[in-house]
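> Structure incoming, see below.
The values are calculated or read from the model by the stated rules, or taken from the named source; none is laboratory data. These numbers come from a predicted model, not from an experiment. So basically every Cβ, Gly included, is an ideal-geometry build from the backbone, and we count neighbours across all protein chains shown. Keep in mind that these areas ignore ligands, DNA and RNA; they rest on the heavy atoms of the full protein, side chains included. Shrake-Rupley method; radii C 1.70, N 1.55, O 1.52, S 1.80 Å.
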Amino acid sequence: MNAAPLGVFDSGIGGLTVARALFERLPRESVIYFGDTARVPYGPKSPETVRRYSAEILAFLLKRGVKAVVVACNTSTAHALGHLKEHSPVPVVGVIEPGARAAARATKTGTVGVIGTAGTIASGAYERAIKALRPDARVHAQACPLFVPLVEEGWFDHPAAELIAREYLEPLKKAGVDVLVLGCTHYPLLKPLLARVMGPGVTLVDSAEETAKVVAAELETRGLLSPGENHEHLFVVSDDEPHFRKVGARFLGGKIKKVEVVPL
């Protein structure tokens with residue numbers, strides 16, 4: 001048993017979808033969430049820059065005494081997960097493999113769509129992870145760089161968001177995908193819009209719940225589950241705390257009580 005907090009980080013507020021899944025699956029655990037709101041989005045940045053940012057956040061979380069780290073950002077997972085695992089004294093879990101597993105399980109035709117940031121899509125991480133589980137899968141990947149700014153702005157169902165979504169998703173509709181992986185933790189807030197654009201025959205896969213399952217299993221295997229009920233969640237951002245509170249409340253379905261600002 002270990003009462004130390006879990007560390008969770010993302011480029012901005014999107015990783016709160018993963019944090020929420022962790023709160024639900026692991027109600028006894030305390031979480032320190034770091035959102036790098038000063039440097040969002042990570043998607044257009046080089047792999048080297050994403051690795052550097054991710055390493056800085058890992059160092060911050062380790063100083064705060066976390067017992068495990070969840071990389072709740074697909075771009076960081078794609079570019080930095082291996083590097084973080086090598087340099088971390090605590091377990092590190094990413095979001096791509098759990099999402100790929102859910103997609104491989106959900107597809108009936110083997111034709112899978114993946115949407116994500118430019119960085120995640122360029123890395124090919126989802127294609128590799130899905131094909132490792134289902135070698136016959138046909139994976140169609142589409143970068144959607146404007147989705148993160150729309151979500152960070154709180155434009156979840158804005159007419160502009162729908163126009164952009166229809167443009168991005170048209171090639172995947174033409175390809176006949178029956179599963180669409182939301183390969184960015186910001187995208188679940190666009191779920192109603194994406195479901196409408198893709199139509200009822202397409203299953204949307206959000207890696208948050210799958211990731212929470214993996215984290216729970218990892219903590220149990222390593223004897224790191226928290227023994228008590230006195231959990232406390234702390235939210236830390238690198239900039240713009242009022243906006244984080246406002247939009248973040250929509251991710252978590254309630255107010256965010258405690259937010260620190262820590263520039264890195």
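> Helix 47-63 against the longest principal axis of the chain: what's the angle in degrees, Cα atoms only, rounded to the nearest 10?
30 degrees
> Can you sort K174, K45 by 1.4 Å-probe accessible area, starting with the largest?
Per-residue accessible area, sorted high to low, gives K174, K45.
> Now, a different point. Whole-Hz ³J(HN,Hα) for each residue in region 4-14, computed from phi via Karplus 6.51 cos²θ - 1.76 cosθ + 1.60 with θ = phi - 60°, x for glycine and proline: what do you get?
So the J values, rounded to whole Hz, are 4, x, 8, x, 9, 9, 8, 5, x, 9, x.
> Could you state the angle between the C-alpha long axis of helix 241-252 and the longest principal axis of the C-alpha atoms of the chain, as a value from 0 to 90 degrees rounded to the nearest 10?
70 degrees
> Longer than 26 Å from Cα to Cα, which of K191/K255; K191/K246; K45/K174; K45/K85; K45/K108; K63/K258 are they? Say none if no pair is.
K45/K174; K45/K108
> Here is a follow-up. Apply the Karplus parameterisation 6.51 cos²θ - 1.76 cosθ + 1.60, with θ equal to phi minus 60°, to every residue of region 156-170 and state each ³J(HN,Hα) to the nearest whole Hz, in sequence, with x for glycine and proline.
6, 9, 6, x, 5, 5, 5, 4, 5, 4, 4, 5, 5, 8, 4
> Helix 96-106: angle to the longest alpha-carbon principal axis of the chain, degrees 0 to 90, nearest 10?
40 degrees
> Ordered by packing density, taken as the mean number of other Cβ atoms within 10 Å over each peptide's residues, highest first, how do 194-203, 63-72, 224-233 rank?
63-72, 194-203, 224-233
> Quick one, what does Rg over Rh come out to for region 1-118 if you take C-alpha atoms and the Kirkwood Rh?
Value, to two decimals: 0.98.
> Grab the other residues whose beta carbon is less than 12 angstrom from that of G119, score K and R as +1, D and E as -1, and report the net.
After counting each charged neighbour, the total is +1.
> Here is a follow-up. P(r) for the chain: what percent of alpha-carbon pairs falls in each 5 Å bin, starting at zero?
P(r) over the chain, rounded to whole percents: 1, 6, 14, 19, 20, 17, 12, 7, 3, 1, 0.
> Select from region 103-184 those GluC sites (Glu not before Pro) which occupy a DSSP coil region and have at most 16 other Cβ atoms within 10 Å, ordered by residue number.
The qualifying sites are E153.
> Let me ask something additional. Run the numbers for R28 and L225: contour at 0.36 nm per residue of separation, minus the present Cα-Cα distance, in nm.
Net length gain for the segment: 70.1 nm.
> Which value, in Å² and to the nearest 10, is the accessible area of D10 when all protein chains are kept and the probe is 1.4 Å?
About 0 Å², ignoring ligands and nucleic acids.
> May I pose another question? Show that you can apply the helix-only estimate: for the chain, add -39,500 (n - 2.57) for every DSSP H stretch of four or more residues, divide by all residues, and state [θ] at 222 nm to the nearest 500.
Theoretical 222 nm ellipticity from helices: -14500 deg cm²/dmol.
> OK, next. If you plug each phi of region 209-217 into the Karplus form 6.51 cos²θ - 1.76 cosθ + 1.60 with θ = phi - 60°, what whole-Hz ³J(HN,Hα) values come out, in order, with x for Gly and Pro?
Result, rounded to whole Hz: 5, 4, 5, 4, 4, 5, 4, 4, 5.
> Which listed residue (M198, V69, A102) has the Cα farthest towards the positive end of the charge dipole for the chain, taking +1 on Lys and Arg C-beta and -1 on Asp and Glu C-beta about the Cα centre?
My answer, from the dipole projection, is A102.
> Between beta-carbons, use under 13 Å as the cut-off and find the net charge around I164, counting Lys and Arg +1, Asp and Glu -1.
With Lys, Arg at +1 and Asp, Glu at -1, the net is -4.
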